[in-house]
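K.L.:
Take a look at the following structure, please.
The values are calculated or read from the model by the stated rules, or taken from the named source; none is laboratory data. Computed from a predicted model, the values in this text were never measured in an experiment. Because the Cβ atoms are built from the backbone with ideal geometry, glycine has one as well, and the counts that use them run over all protein chains shown. For accessibility, only protein heavy atoms count, side chains too; no ligands or nucleic acids. Shrake-Rupley method; radii C 1.70, N 1.55, O 1.52, S 1.80 Å.
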Amino acid sequence: MEISNNFLSKSKPQIPHFLILPWLAPGHLIPATDIARLLAEHNASVTILTTPVNSARIKPTIDRFNAASAGDISLVSLNFPATEFGLPEGCENVDLVPSMSLVYNFYNATKLFGQQVDRYIHEQVPHVSCIIGGMGYVWVPDMARKLGVPCFIFHGFGSFALYCWEILHKTKAHEIPDSDAELFNIPGLPFEFKIARKELPMHFQQSSKEIAEEMRNSEVTVDGILVNSFEQLEPGYAGLLQKISGKQVFTIGPVSLCNTTRLDMEERGNKSTVDSDRCIEWLNSKKSNSVVYVCFGSTGNFAPKQFKELGLGLLSSPWPSVWVINGIEKLPDETLIWLRENFEEKNSSKILLIKGWAPQIAILSHPAVGGFVTHCGWNSTLESVAAGVPIVAWPLYAEQFLNVKLIVDVLKIGVSVGVGEAMAWRGENEEDVRVKKEDVVRAIEKLMNGKEERRRVAELKEKAKLALEKGGSSFLNLENLIQFVAPTI
Ligand code: UDP
């Protein structure tokens, strides 16, 4: 067990103490770190409890924050029982799980981890005012109940997706179609939204019924929902979510905006695999709004055939691009040679390859970047909005198809690449080719030549900034959240 900062001395009852237990995935750990910083900026004391591998990823950010602001964030790590569940040593994050067949082992390991956390909290922690737990941690609400403190869930989704999520859980509209491919309407929305079951998160698939039920039984017992979003982005949806779920809902984002220094933007959630100076220099050599940034989040991998279609599309497109390649170690030698010959020996001034972790928000905020080809993970979506960059929407799985509806049809800040079915996890299906080279070229061209998407997202960028400034909607919601837990102190 490793403890940093002053965790054990957090017994000052007049200051609310939030215990954050982020689900073990980058898309949760990263915003959870930002949430911790925002709460600390609002004078709360915060502890993040995670595992050694995850702790190492966020420690530099936390240390910088505490040093610069005399902040009060502690980082505690407890060992994760990976090998007990047949996982490789150090497999402590979803992005380290080697294959889909081991995802359930990982999920079960998090339950044993929960027992350790429970013991630790009871034995070692003098005072907690509120627990914020990640969606996959089904044991958190029970733990909060035993402590007698409020429990908030953080799904990592936006308000619109969460509202659809609640509608589906309540109406079971997704169970009506006979096949996974048949379109059905999500009822209760102010517009028609036809979607197929195969485009929904795994929680609505027959194959994941058991885990989905366990998660649902847990989430309905929480006191509130924390959403990384802002009212002006998804007007009315937080209210609708509050009404349908019967829970307190606080939208407190975009939380990524707390990263204002160059180091915080470049070193976020993991160590970047590209030399930042080289990356910025490359971007500096390009015209304003001319570069397309291509990244599919922390687990978005493709099998070689789909991978090549994307690469060929980027080569054929007239715009330069920064292409982030996640999971390069899974690509066969033949694809690696193709990559070297076509992108490194040739075309390196047109396409900058980043093999591994990219400093995403630093890239998105560079003035040369004018479009983002993204899987529409909610963090990436919000980060694009916060940077004023319009989107080419290429959803893979999870709640991403719900986000696409918001991006393309509701907010009209992006264009669709035209995918109608979820991909196999991390490119595990060799034959999965959903998007052809021509589709990539067409979608990028439409986005980069379009003016309206850019204008709308620029307006939202300003609103995002205002939301977190003093008196803004997210700023006030952070205050309200602290007030909400304060009576229990
Ligand atoms: N990210 C990053 N560099 C990368 C890949 C991802 O910084 O090379 C960050 C990205 O900025 C975002 C998070 O990882 O904050 C990914 O979250 P998102 O919800 O977009 O997708 P997920 O990984 O959960 O599918």
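K.L.:
In the stretch 225-263, how many residues are within 12 Å of the ligand (Cβ to nearest atom) and surrounded by fewer than 17 Cβ atoms within 10 Å (Cβ to Cβ)?
P.N.:
Of the residues in that region, 0 qualify.
K.L.:
Just to check your reading of the model, which residue among G300, G327 is touching a His at 6+ places or on another chain (Cβ under 8 Å), at pLDDT below 95 and within 16 Å of the ligand (Cβ to nearest atom)?
P.N.:
On the way: G327 fails: touching a His at 6+ places or on another chain (Cβ under 8 Å).
When all the criteria are applied, what remains is G300.
K.L.:
Here's something else I'd like to know. Examine the stretch 160-173 for a residue that is touching a residue at least 12 places away in the same chain (Cβ under 8 Å), assigned by the TED database to the domain that holds L478 and assigned to a strand (DSSP E or B), and state whether such a residue exists. Walk me through how you get there before you give the answer.
P.N.:
Within the stretch 160-173, the first condition is being touching a residue at least 12 places away in the same chain (Cβ under 8 Å), and the residues that meet it are 160-171, 173.
With assigned by the TED database to the domain that holds L478 added as a condition, the list becomes 160-171, 173.
Applying the additional criterion that residues be assigned to a strand (DSSP E or B) yields none.
The answer is no, given that none of the residues of the stretch 160-173 is touching a residue at least 12 places away in the same chain (Cβ under 8 Å), assigned by the TED database to the domain that holds L478 and assigned to a strand (DSSP E or B).
K.L.:
Regarding D95, is this residue without any contact (Cβ under 8 Å) to a residue 60 or more places away in the chain, part of a helix (DSSP H, G or I) and either open to solvent by less than 40 Å² (accessible area, probe 1.4 Å) or in contact with a helix residue (DSSP H, G or I) (Cβ under 6 Å, 6 or more places away or on another chain) (or both)?
P.N.:
Values: without any contact (Cβ under 8 Å) to a residue 60 or more places away in the chain: no; part of a helix (DSSP H, G or I): yes; either open to solvent by less than 40 Å² (accessible area, probe 1.4 Å) or in contact with a helix residue (DSSP H, G or I) (Cβ under 6 Å, 6 or more places away or on another chain) (or both): yes.
Against the criterion (without any contact (Cβ under 8 Å) to a residue 60 or more places away in the chain, part of a helix (DSSP H, G or I) and either open to solvent by less than 40 Å² (accessible area, probe 1.4 Å) or in contact with a helix residue (DSSP H, G or I) (Cβ under 6 Å, 6 or more places away or on another chain) (or both)), D95 does not qualify.
K.L.:
Consider E459 carefully, then state whether it is without any contact (Cβ under 8 Å) to a residue 60 or more places away in the chain, on the phi < 0 side of the Ramachandran plot, part of a helix (DSSP H, G or I) and open to solvent by 30 Å² or more (accessible area, probe 1.4 Å).
P.N.:
Details: without any contact (Cβ under 8 Å) to a residue 60 or more places away in the chain: yes; on the phi < 0 side of the Ramachandran plot: yes; part of a helix (DSSP H, G or I): yes; open to solvent by 30 Å² or more (accessible area, probe 1.4 Å): yes.
Yes, satisfied.
K.L.:
Another one. Any idea which residue in the stretch 98-133 is farthest from L226 (Cα to Cα), counting only those that are assigned to a helix (DSSP H, G or I) and polar (S, T, N, Q)?
P.N.:
Going residue by residue through the stretch 98-133, those that are assigned to a helix (DSSP H, G or I) are 100-124.
Subset that is polar (S, T, N, Q): 101, 105, 108, 110, 115-116, 124.
Values: S101: 31, N105: 27, N108: 25, T110: 21, Q115: 24, Q116: 25, Q124: 26 Å.
Out of the qualifying residues, it is S101.
K.L.:
Let me ask something else. Need the failing condition index for I391 against (1) closer than 28 Å to F230 by Cα; (2) at pLDDT 95 or above; (3) open to solvent by 20 Å² or more (accessible area, probe 1.4 Å), just the number.
P.N.:
Single failed check for I391: (3).
K.L.:
Counting just the residues of the stretch 33-65 that are open to solvent by 30 Å² or more (accessible area, probe 1.4 Å) and touching a strand residue (DSSP E or B) at 6+ places or on another chain (Cβ under 7 Å), which one comes out farthest from L478 (Cα to Cα)? Lay out the reasoning, then the answer.
P.N.:
Going through the stretch 33-65, the residues open to solvent by 30 Å² or more (accessible area, probe 1.4 Å) turn out to be 41, 43, 52-53, 56-57, 59-60, 63-64.
Still in the running and touching a strand residue (DSSP E or B) at 6+ places or on another chain (Cβ under 7 Å): 52, 59.
Details: P52: 29, K59: 23 Å.
Here the residue is P52.
K.L.:
Looking for something within 17 Å of Q232 (Cβ to Cβ) and touching a Pro at 6+ places or on another chain (Cβ under 9 Å) - is there at least one such residue anywhere in the stretch 469-485?
P.N.:
Within the stretch 469-485, one or more residues are within 17 Å of Q232 (Cβ to Cβ) and touching a Pro at 6+ places or on another chain (Cβ under 9 Å).
K.L.:
Does W165 satisfy the criteria of being in contact with a Gly (Cβ under 6 Å, 6 or more places away or on another chain) and not aliphatic (A, V, I, L, M)? Show your work before the answer.
P.N.:
Numbers: in contact with a Gly (Cβ under 6 Å, 6 or more places away or on another chain): no; not aliphatic (A, V, I, L, M): yes.
No, not satisfied.
K.L.:
Can I ask one more? Could you list all residues from the stretch 316-368 that are touching a strand residue (DSSP E or B) at 6+ places or on another chain (Cβ under 8 Å) and among the acidic types (D, E)?
P.N.:
The one that is touching a strand residue (DSSP E or B) at 6+ places or on another chain (Cβ under 8 Å) and among the acidic types (D, E): E344.
K.L.:
If you check every pair at least six apart or on different chains, which have Cβ atoms under 6 Å apart with a residue in the stretch 439-453 that is in contact (Cβ under 8 Å) with a residue 12 or more places away in the chain first and a residue that is open to solvent by 30 Å² or more (accessible area, probe 1.4 Å) second?
P.N.:
Listed by first residue and then by second, the contacts come to D439/G418; V441/S316; M448/W319.
K.L.:
So, one more: Which count do you get for residues in the stretch 111-149 that are of a type in the set (S, T, N, Q), open to solvent by 60 Å² or more (accessible area, probe 1.4 Å) and more than 21 Å from Q14 (Cα to Cα)? Steps first, answer last, please.
P.N.:
Looking only at the stretch 111-149, we keep the residues that are of a type in the set (S, T, N, Q), and these are 115-116, 124, 129.
Now restrict to residues that are open to solvent by 60 Å² or more (accessible area, probe 1.4 Å): 115, 124.
Filter once more, keeping what is more than 21 Å from Q14 (Cα to Cα): 115.
Going through the stretch 111-149 one residue at a time, the tally reaches 1.
K.L.:
List pairs: first in the stretch 178-200 and within 14 Å of L402 (Cα to Cα) and in the same structural domain as E234 (by the TED database), second hydroxyl-bearing (S, T, Y) and at pLDDT 95 or above, Cβ under 6 Å, 6+ apart or cross-chain?
P.N.:
Short answer, once both residue conditions are applied: P187/T171.
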